[in-house]
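The values are calculated or read from the model by the stated rules, or taken from the named source; none is laboratory data. As the structure is a prediction and not an experimental result, all values here were calculated from the model. Here the Cβ positions follow ideal geometry from the backbone for every residue, glycine too, while neighbour counts run over all protein chains shown. The accessibility values were calculated without ligands, DNA or RNA, using every heavy atom of the protein model including side chains. Shrake-Rupley method; radii C 1.70, N 1.55, O 1.52, S 1.80 Å.
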Amino acid sequence: MRVAYHEVIQTLEKILLKYGFAEDRAVLCASLFAQASLDGVASHGLDRFPVFLEMIRKKLVLPNQEANLVESYGVFERWNGNLGPGPLNAHQSMDRAIRISKEFGVGIVALQNTNHWMRAGNYGWQAAESGCIGICFTNTKPNMPAWGGREPKLGNNPLVIAIPRSSGHIVLDMAMSQFSYGKLKTYLREGKEMPFDAGFDPHGNLTKSPESVIANELALPIGLWKGAGLSLLLDMLTTILSGGKATFQVGESGEESGLSQVFICLAAEKLGIMEWSDQKLDQIVGNLKSSLTFADKEIRYPGENNMKTREENMLNGFPVDEQIWKSIIKEL
């Protein structure tokens with residue numbers, strides 16, 4: 001089914017107000033969830049909203065707790081998220097990194113004690129639309145094995161890299177697992193296998209079954225051992241920079257709460273790259289898209305279809321799983 005953007009926003013706002021959000025925070029939080037689905041990432045948008053409400057009911061997410069500054073070192077700040085809503089903490093942290101970068105050229109905010117930020121790409125777009133290169137990453141609970149391991153030890157620790165460009169921002173949004181758990185749950189709900197191997201079964205065999213991967217939390221690292229190594233290093237960076245919990249510590253409670261995150265911004269105008277940035281990026285994109293392809297494959301850069309998808313869904317309403325929407329409406 002398709003639902004109009006304004007209807008989604010109004011519905012989510014009303015529900016969040018019932019859950020104790022202040023009005024301005026309800027508006028922003030609803031917008032961040034809606035933005036993900038509007039841009040075609042329902043797995044981390046409306047699909048996650050019922051999960052988000054359940055986390056509030058469990059008191060893992062505290063609606064009106066806000067992040068506060070712990071320490072400041074010029075271009076680097078450390079903040080405590082106080083278990084407030086992950087999307088709001090992340091948006092605030094990226095905004096702060098942007099502001100610091102506009103003053104110094106570079107801004108870094110490390111955030112401890114926060115919650116799932118839902119669609120990671122939202123914060124990359126936030127940076128790019130402010131004219132900044134944005135890099136952000138988070139740890140998660142253990143849901144991926146070390147290479148050669150038979151139990152979840154690593155997080156699928158998403159990484160975002162966003163580069164502003166006049167003719168279309170470049171935004172990479174990726175988990176360290178071949179498929180995010182949000183995408184796995186979407187395929188499971190639709191009764192489909194994954195298009196590629198997604199993880200391991202209990203016997204160590206590769207499988208396309210989302211049910212098996214989710215049940216055992218043995219998602220396949222991207223690039224095999226390379227993705228496992230990158231996941232480990234991202235966890236280390238989030239932990240030492242924020243002073244917060246590492247993946248294994250997040251996993252001790254059995255719940256994905258109390259995460260650590262890092263937000264980095266570089267302001268193009270402060271770093272003297274405005275003069276040639278667009279030209280060089282356009283050349284790189286042009287060379288990429290001139291690639292010979294197999295069959296009728298199309299070469300795309302990360303984030304290329306985002307604006308087209310956004311415009312289409314704004315015009316026609318965006319796709320929502322009927323069962324998900326029914327579960328959301330029940331909260332009114």
| field | Computed magnitude of the charge dipole of the chain (debye, nearest 20; Cβ of K, R +1, Cβ of D, E -1) | value | 300 debye
| query | Karplus couplings for region 237-252 from phi (6.51 cos²θ - 1.76 cosθ + 1.60, θ = phi - 60°), rounded to Hz, Gly and Pro as x? | reply | 5, 4, 6, 6, 6, 8, x, x, 7, 8, 3, 5, 6, 4, x, 5
| Accessible area per residue of region 274-332 at 1.4 Å probe, in Å²? | 76 Å²
| remark: Once the in-chain neighbours fewer than 8 apart are removed, the lysines whose Cα is under 23 Å from Lys330 read Lys14, Lys18, Lys58, Lys59, Lys185
| query | So what's region 182-332 giving for Rg/Rh, alpha carbon basis, Kirkwood Rh from the mean inverse pair distance? | reply | 1.02
| field | Sorted peptide list for 303-316, 131-144, 239-252, criterion being average Cβ within 10 angstrom, highest first | value | 131-144, 239-252, 303-316
| field | DSSP-defined beta bridges in the chain - what % are antiparallel, rounded to 5 | value | 90 percent
| task | Enumerate the calculated ³J(HN,Hα) couplings along region 77-85 in order (Karplus 6.51 cos²θ - 1.76 cosθ + 1.60, θ = phi - 60°), each rounded to whole Hz, writing x wherever the residue is Gly or Pro. | result | 10, 10, 10, 10, x, 6, 6, x, x
| message | For region 123-256, take N as its residue count and report Rg(C-alpha) divided by 2.2 N^0.38 Å. | response | 1.11
| the chain: relative contact order as a whole-number percent, Cα under 8 Å and 6+ apart | 22 percent
| query | So if R0 is 35 Å, what FRET efficiency would Glu331 and Glu151 give, r being the distance between their Cβ atoms, rounded to the nearest 0.05? | reply | 0.45
| task | For region 181-249, list log₁₀ I(q)/I(0) at each q in 0.12, 0.15, 0.21 Å⁻¹, using the Debye formula over Cα point scatterers of equal strength and ignoring solvent, two decimals each. | result | -0.39, -0.58, -0.89
| request: Leaving ligands, DNA and RNA out of it, rank Glu322, Glu255 by accessible area with a 1.4 Å probe, largest first. | output: Glu322, Glu255
| task | At 4 °C and 1.567 mPa s, grab the translational diffusion coefficient of the chain from Stokes-Einstein with a Kirkwood Rh over Cα pairs, rounded to a whole number in µm² per second. | result | 63 µm²/s
| query | With charges only on Cβ, +1 for K and R and -1 for D and E, what is the dipole size of region 154-290 about its Cα centre, in debye, rounded to 20? | reply | 280 debye
| said: Can you give me the % of accessible surface on region 127-171 that is carbon or sulfur? Probe 1.4 Å, all protein chains present, nothing else counted. | reply: 55 percent
| query | What 222 nm value per residue comes from the helices of the chain, counting each DSSP H run with n ≥ 4 as -39,500 (n - 2.57) and dividing by all residues, nearest 500 deg cm²/dmol? | reply | -13000 deg cm²/dmol
| query | Rounded to a whole number of µm²/s, how large is the Stokes-Einstein D of region 219-279 at 25 °C and 0.890 mPa s, given Rh as the Kirkwood radius over C-alpha pairs? | reply | 172 µm²/s
| In terms of modelled amide H atoms, which long-range or inter-chain residues lie less than 5 Å from the amide H of Trp79? | Val70, Ala110, Leu111, Gln112
| 3J(HN,Hα) from dihedral phi, region 158-171, Karplus parametrisation 6.51/-1.76/1.60, rounded to Hz, x for glycine, proline | x, 10, 10, 10, 10, 10, x, 7, 4, 9, x, 4, 9, 9
| request: Would you mind calculating the relative contact order of region 39-168 from Cα pairs under 8 angstrom and at least 6 residues apart, reporting the percent as a whole number? | output: 18 percent
| field | Beta bridges by DSSP in region 52-141, antiparallel share as percent, to the nearest 5 | value | 50 percent
| Excluding same-chain residues fewer than 8 positions from Lys153, which lysines have a Cα within less than 16 Å of its Cα? | Lys141, Lys226, Lys245
| field | region 114-171 versus region 259-285: alpha-carbon centroid distance in Å | value | 17 Å
| remark: As a Kirkwood estimate from alpha-carbon pairs, region 18-135 has a hydrodynamic radius in angstrom of 14.6 Å
